[in-house]
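The structure appears below as structure tokens.
The values are calculated or read from the model by the stated rules, or taken from the named source; none is laboratory data. Predicted, not measured: the structure shown is a model, and the values here were computed from it. A quick note on method: Cβ atoms are made from the backbone with ideal geometry, for glycine too, and the neighbour counts reach across all protein chains shown. Accessible surface areas use protein heavy atoms only, side chains included; no ligands, DNA or RNA. Shrake-Rupley method; radii C 1.70, N 1.55, O 1.52, S 1.80 Å.
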Amino acid sequence: MLIFLIGIVMLVVGYNYYGRFVERILGPDDRPTPAVTSCDGVDYVVLPHWKNMLIQLLNIAGVGPVIGVILGIKFGAVVFLIIPVGNILGGAVHDFVAGMMSLRHNGANLPALVRMTMGKAFFGIFSVFMCLLLLLVVAVFINIPAGLIDRLFPSTPVFWYAVVAIFIYYIVATIFPVDKIIGAVYPLFGVMLLVGTFAIFFSLLWQYSFSTPTMLLETPELKKLILGFREDNPILPVLFVTIACGILSGFHATQSPIIARTMASERQARSSFYGMMVVEGIIAMIWAATGFAIYNLFPAMFRDNPTQVLVEITKYFLGGWMGVLTILAVVILAVTSGDTAMRSLRLSLAEILGIGQAKIHNRILLCLPLIVIISGLLWWSNMDAQSFNHLWNYFAWGNQVLASCTLIAVSVWLFGLKKQGFVTLLPGMFMTFIVVTYILWTSPAHKGPYGFGLDLPLSYGLGVVVAILAGAWAWCAGRRRAALPNAQE
């Protein structure tokens, strides 16, 4: 319990001190925001600050801080320190700087920001990769909430009905103006999410304090199961791919432009971007603690599907109607990331293709091919369990590739402004090491998705080399930008 509480305190202190340090580097001021200068009543609309914060939180907090940490806590109590350290130094900085860069460039989406800093050639590759990843996000975030809803009705299969209903909602939320659907329903969704999560938290504290004080200790039986630093499931890189949301997630940078287009002031950026990532870290810590407790109490569940573990957590700690409410809160986590993933995909494609979005028929035309492709992914991913596992594995790895690219891109931007780009470059180099090592090492022989299957030490060495090269390139590219006569924000 002590290490868990220390982790929570680290997140709060990190927001107040390291968050302010990064804010001083970025220097938000009183210049007009894109919501004011480019208001179109669809995507560029001024929304209240509290609503923007809720939208950002629900956009970024997908199933990662729940399903991901239920998987990640299998590495042991060390996760309670890795989550806050990674969040404060990596994930929250990633979200804050990417969001500010979008704010300073008229709410530009991630591909446009990459083009500014990394060139046209990389922009083309990156744009295709990001669009594919967002398609995977939408498919994953339809499958998981539909599966959870299906579990609430054990006597009547409702999975495909839930899939259709969720998908229809995604389409409507993608096409309609941001303040009509997303801005209207997210406050209610946010309340349900926070009530469910903190109900779990207080139940955990109560049972730890008065009935089962051993639930957050590594019992001898659990120690035999914990993955730790085993070579067949190494904490580097596997943990940092397994727990994306909560530590660092590239998907977040695709979401930040949505509220960069609805903010009234740059001075709201630290609480909206950095702060909401810290809140997501707290949510991840709470679910990691409940996962750790349930594995302690029922070691046989260590090998169960994480979705089933989630259901058991809610039954054990809350039971009855409150447990159902909490499962619905997790459904909301997925749905409120899936809808904005599809919206972000529309916005990015519109920006790449130069198609205006003020008219509804343009938005519908862009969505039609997306609907067809996502329908195909849903059909394929539900052919069997292995298909969905592949979908999840490649989504998780691709998500962190996106994080690595984003951090390198914003580092070039900061260096180009003669600012301290190392705040993003160091986590960017670390994440480059993680994604390169993972794809070089992983393979079916290593109980993972398809990769190169190299030995772990060789994968580590090559990962370090690529990370150093990426860091050196970003520093040099930033210096070149700084030397240009028209270098500006």
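Mind scanning 51/359; 51/418; 120/180; 120/418 and naming the pairs with a C-alpha gap bigger than 30 Å?
51/418; 120/180
Can you figure out the FRET efficiency of residue 322 with residue 172, using R₀ = 51 Å and their beta-carbon distance, to the nearest 0.05?
Here the calculated transfer efficiency is 0.95.
What do you get for chymotrypsin sites (Phe, Trp or Tyr not before Pro) in region 218-323 restricted to DSSP loop and a cutoff of at most 14 other Cβ within 10 Å of the site's Cβ?
For chymotrypsin sites (Phe, Trp or Tyr not before Pro) across region 218-323 that sit outside H, G, I, E and B with at most 14 neighbouring Cβ atoms in 10 Å, the list reads 229.
Quick one: accessible surface of residue 29, probe radius 1.4 Å, all protein chains present, in square angstrom to the nearest 10.
Answer for residue 29: close to 40 Å² accessible.
Using helices alone, I'd like the mean residue ellipticity at 222 nm for the chain: each DSSP H run of four-plus residues gives -39500 (n - 2.57), total over residue count, nearest 500.
My calculation for the chain gives -24000 deg cm²/dmol from helical runs alone.
Please compute the volume of the convex hull spanned by the alpha-carbon atoms of region 1-100 and report it per residue in Å³.
119
Where does the charge balance sit around residue 360 when Lys and Arg score +1, Asp and Glu -1, over other residues with C-beta under 13 Å from its C-beta?
The answer is +2.
I'd like the accessible area for residue 221: 1.4 Å probe, protein heavy atoms, all chains in place, Å² to the nearest 10.
Rounded to the nearest 10, that gives 110 Å².
Can you give the charge dipole size of the chain about its Cα centre, rounded to the nearest 20 debye, using +1 on the beta carbon of Lys and Arg and -1 on the beta carbon of Asp and Glu?
860
Mind checking the per residue accessible area of the chain for me, 1.4 Å probe, whole number of Å²?
38
Working with all protein chains in place, sort 226, 6 by solvent-accessible area computed with a 1.4 Å probe, largest first.
Ranked list, largest accessible area first: 6, 226.
Using the Cα centre of region 220-358 as the reference point, and only Cβ charges (+1 on K/R, -1 on D/E), how large is the resulting charge dipole? Debye, rounded to the nearest 20.
180
Could you give the nm distance between label points at residue 209 and residue 315, where each point is 7 Å from its Cα heading toward the beta carbon?
Result for the modelled spin labels: 2.8 nm.
So what are the radius of gyration and Dmax for the Cα set of region 163-215, in Å?
Final numbers for Rg and Dmax: 17.9, 50 Å.
On full extension of the chain, what length is gained from residue 482 through residue 31, given 0.36 nm per residue of separation minus the C-alpha to C-alpha distance?
160.2 nm
Quick check: at a probe of 1.4 Å, how many percent of the accessible area of region 75-135 sits on carbon and sulfur atoms?
Heavy-atom surface of region 75-135 belonging to carbon and sulfur, 1.4 Å probe: 79 percent.
Using a Förster radius of 25 Å, what is the FRET efficiency between residue 371 and residue 45 based on their Cβ-Cβ separation? Nearest 0.05, please.
So the FRET efficiency works out to roughly 0.50.
What spacing in nm lies between the two simple spin-label points modelled at residue 469 and residue 362, each 7 Å away from Cα in the Cβ direction?
4.0
Using protein chains only and a probe of 1.4 angstrom, how many square angstrom of residue 361 are accessible, to the nearest 10?
Here the residue's solvent-accessible area equals roughly 100 Å².
Quick check on the chain: what are the equivalent-ellipsoid semi-axes from the Cα gyration tensor, as sqrt(5λ), descending, whole Å?
Calculated on Cα positions only, the semi-axes equal 33, 27, 23 Å.
Hydropathy first: keep DSSP H helices in the chain averaging at least 1.0 on Kyte-Doolittle, then drop any whose Cα extent along the axis falls short of 30 Å, and list what survives.
2-26, 120-151, 182-210, 276-297, 320-353, 360-381
Label points 7 Å out from Cα along the Cβ direction at residue 153 and residue 121: separation in nm?
5.4
On a straight-distance basis, which lysines could pair with residue 74 in a cross-link, Cα separation under 27 angstrom, same-chain partners fewer than 8 positions away excluded?
Cross-link targets: 223, 224, 315, 447.
One-quarter of the Cα convex hull surface for region 275-362, in nm²?
Hull-based average projected area comes out at 8.8 nm².
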